[in-house]
Amino acid sequence: MEPIAVQLNGVSKMRKRRVIGPIDLTIPEGYVVAILGHNGSGKSTLLNMLQQVVLPDAGQIIWFGKEHEGPLPLELRQQIGFVADNAGLEENRITAQEAAEFRAYWYPRWDMKLFDQLIRDMEVPVDVKLNKMSKGERRKFEIAAAIAARPRLLLLDEPSSGLDPFAWKVMVGQFRTFMAEGDTTILIATHIADEVKRLADYIVLMHRGQSLGMAEKDMVLDQWKEVWYEGDLRPESIPGVVESSLEERGLVRVITTRVSEAQERLELSNNRVLKIRNLELDEVLAFWIAGYAPVQWK
Amino acid sequence: MQDVKIPIQINENSAEPLYHQIENQLRSLIITGQLGEGTHLPSIREFAGALNCSVITVRRVYQDLENEGLLRTKQGTGTFVAQVEAGDRENYRLKAAQEAMQAAVQSGKSVGCTEEEMESLFREVLKAIYTK
C-alpha cells in the first residue's frame, strides 16, 4: 500500500448555490493530481477544505494518516502550501522581498535561495508592493513563495490564470523540478488541458459538487479514440462504440473505447481504416460526465 | 554520471496504447544496443516529464523491462541498462523485421492486393532498397 497524503470520507459542505459532496477521495502521496470540472463544480471548495479555510459540515478528512479535532496543528499547516484563486489581502502593502521574509519566519523549511532563483526565473519585481503588481506578476510571486516553503502538500487553485505563455512554461518546469526532488503531493485545480497533460499523474473529475472518481491520466487519455473507416460494416457491430455518424462520401466515423478490437474487427471484414485520432481531454471529460467511467489498470 | 536523452517518439493518434509504445521503443533501443549496457536511464519523474506521461506509466515500463532482465535498478542510484545476451539480440532483430513485414502485407491485403501482386511488389521493393 502506498502512503496516503489526504483522504476524504463522506465530506460535504453546504454552499450558496449547491451542496458540495459527499466526497470520498484518497490521494496517494508523491503524485500530481489534477482536479477538473466546470466552474462551480466544487474544485475550490475541495481545496479550501483541505487546509481548513472552509470547514466541512459533515464527513472526515485525514491528513498524512491523522485526523485532527479542531484546528490543524501548526506543524501540519507549515507543510501545506497554497496558491489561491484570489491572493490574500494581508501582504498587499509589502514587497515580494518583505513577504518572503515574513513567510520565512512561519515556514521552517523555507528556502530563500530557491525563492530568489524562482523570482529571477519568472521575472517578478522584488521592490514593488504586491498590490501594485499586475495580476500575472502577483500570481508568479504566489507560486514562487508556495514552492519556496517546500511543502509536503501543495494545493494550487488555477495557478496559471493571468500568466503569459512564457511564464507558464517556467511554472510547469518549476513544478516538475519540485516534484523530482521528493515525495511532495500536488493537487491542482485547472481548466488548461496542456497543464494536465504535462503535469498530472491522476485526474479527479468534479461535477455538480460530486467527485466522479479518480483515474490515471494516461489511461483516461488513451481509452477514447475516434476511428474513420470506409466500408459497409455497421457501427453497432464494432467493439466499444459509443457514438457513430455517417460522414460525406460514405465514410463512417465512430468513437470507441476498445480501439484495438475495433480495428481488428474492421480489418477482418475488409473495411478500410483511414484515420485514428485520440480524443482531446475536453471530449473525454464530456463522456465521463455522461456516465462512461474511465477504465482502471488491471 | 551523464544522463542520456532517450529518443522515444509517441504517436498520439495510434491504436497502440501509450504504455506499449514507450515499452516497445525502449526495449528495441536496449536490444539493438543503441542504449548500451550500463546506460543510466532518467529518473521516473524526469522521464515522465520528457514524454508528457504519468510517473505511473513510466514505473510500469521500467518494472516490465526489469522483469525481462533488460534493466536493473540499484537502490538509491537509479535504473541502468543490463547486459543483453547475443542470442536475444539476434531473435529480436528477426522478430522486429517479421512484424513490420506482416503489417505491410496486412495493409496490402486490406486494399485488395492478391498474393501474386504482393510477391512482385515485395521483389521490387527489395531490389530498390538493397541495390542502392
Those residues of region A:158-194 that are over 14 Å from B:Ala50 (Cα atoms) and in contact with a strand residue (DSSP E or B) (Cβ under 7 Å, 6 or more places away or on another chain) come to a total of 9
Among the candidates A:Val252, A:Val259, residue that is in contact with a helix residue (DSSP H, G or I) (Cβ under 8 Å, 6 or more places away or on another chain) and either among the β-branched types (Val, Ile, Thr) or within 11 Å of chain B (Cβ to nearest Cβ) (or both): A:Val252
For B:Asn11, only one of the following conditions fails: (1) in a loop (DSSP other than H, G, I, E, B); (2) of a type outside the set (Ser, Thr, Tyr); (3) more than 14 Å from every other protein chain (Cβ to nearest Cβ). What is its number? (3)
Residue set B:Gly69, B:Gly38; condition more than 30 Å from A:Val220 (Cα to Cα), part of a loop (DSSP other than H, G, I, E, B) and modelled with pLDDT of 90 or more; output residue B:Gly38
For region A:157-174, which positions are farther than 16 Å from A:Arg120 by Cβ, in a helix (DSSP H, G or I), more than 10 Å from chain B (Cβ to nearest Cβ) and under 16 Å from the mean Cα position of the chain (by Cα)? A:Trp168
Answer yes or no: is there a residue in region A:128-148 that is loosely packed, with under 15 Cβ neighbours inside 10 Å and within 23 Å of A:Ile188 (Cα to Cα). yes
What is the number of the single condition among (1) within 24 Å of A:Tyr107 (Cα to Cα); (2) within 12 Å of chain B (Cβ to nearest Cβ); (3) in contact with a Gly (Cβ under 8 Å, 6 or more places away or on another chain) that A:Glu181 does not meet? (3)
Among A:Val11, A:Val54, A:Val6, A:Val32, which is the only one that is modelled with pLDDT under 95 and touching a strand residue (DSSP E or B) at 6+ places or on another chain (Cβ under 8 Å)? A:Val54
For region A:203-220, enumerate the residues that are closer than 20 Å to A:Ile20 by Cβ and either among the aromatic types (Phe, Trp, Tyr) or touching a helix residue (DSSP H, G or I) at 6+ places or on another chain (Cβ under 7 Å) (or both). A:Ile203, A:Leu205, A:Met206, A:His207, A:Leu212
Filter region B:77-113 for residues that are away from chain A (no Cβ under 14 Å) and not in a helix (DSSP H, G or I); the one that is surrounded by the fewest Cβ atoms within 10 Å (Cβ to Cβ) is B:Thr77
If I filter region A:268-289 down to residues being closer than 28 Å to A:His207 by Cα and in contact with an Asp or Glu (Cβ under 7 Å, 6 or more places away or on another chain), which single residue comes out as farthest from the other protein chains (Cβ to nearest Cβ)? A:Leu279
Scan of region A:175-195 for residues that are over 19 Å from B:Ile44 (Cβ atoms), of a type outside the set (Gly, Ala, Ser) and in a helix (DSSP H, G or I), ordered by number: A:Asp194, A:Glu195
Quick count over region B:35-53, residues being in contact with a Ser or Thr (Cβ under 8 Å, 6 or more places away or on another chain) and within 17 Å of B:Gly87 (Cα to Cα), is 0
Across region B:1-47, the tally of residues that are surrounded by 14 or more Cβ atoms within 10 Å (Cβ to Cβ), more than 21 Å from A:Glu226 (Cα to Cα) and of a type in the set (Ser, Thr, Tyr) stands at 3
Please report, ordered by residue number, the strands (runs of 3 or more DSSP E) entirely within region A:1-99 with at least 2 residues that are farther than 29 Å from A:Leu130 by Cβ and under 22 Å from the mean Cα position of the chain (by Cα). A:4-14, A:19-28, A:58-63
Please determine, by comparing only the residues of region A:269-285 that are under 18 Å from the mean Cα position of the chain (by Cα) and under 16 Å from A:Ser244 (Cα atoms), which one is surrounded by the fewest Cβ atoms within 10 Å (Cβ to Cβ). A:Glu283
Single match in A:Met206, A:Met219 (criterion: surrounded by 21 or more Cβ atoms within 10 Å (Cβ to Cβ) and either more than 11 Å from chain B (Cβ to nearest Cβ) or not in a strand (DSSP E or B) (or both)): A:Met206
Mind listing just one residue for me: the one in region B:51-66 that is facing chain A (nearest Cβ under 7 Å) and under 13 Å from B:Ile8 (Cβ atoms) and, of those, modelled with the highest pLDDT? B:Thr57
Could you check how many residues of region A:132-147 are in a helix (DSSP H, G or I), touching a residue at least 12 places away in the same chain (Cβ under 8 Å) and farther than 12 Å from A:Asp116 by Cα? 9
If I filter region A:173-180 for residues that are touching a Ser or Thr at 6+ places or on another chain (Cβ under 6 Å), surrounded by 15 or more Cβ atoms within 10 Å (Cβ to Cβ) and not charged (D, E, K, R), do I get at least one hit? no
Collect the residues in region A:61-92 that are surrounded by fewer than 17 Cβ atoms within 10 Å (Cβ to Cβ), touching a strand residue (DSSP E or B) at 6+ places or on another chain (Cβ under 6 Å) and more than 23 Å from A:Glu2 (Cα to Cα), keeping them in residue-number order. A:Asp85
Exactly one of A:Arg198, A:Arg265 is at pLDDT below 95, at the interface with chain B (Cβ under 10 Å from one of its Cβ atoms) and crowded, with 16+ Cβ neighbours inside 10 Å, and that residue is A:Arg198
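The values are calculated or read from the model by the stated rules, or taken from the named source; none is laboratory data. Every value quoted in this text rests on a predicted model; they were computed, and no experiment measured them. For neighbour counting, all protein chains shown are included, and Cβ atoms are generated from backbone atoms with ideal geometry for every residue, glycine included.
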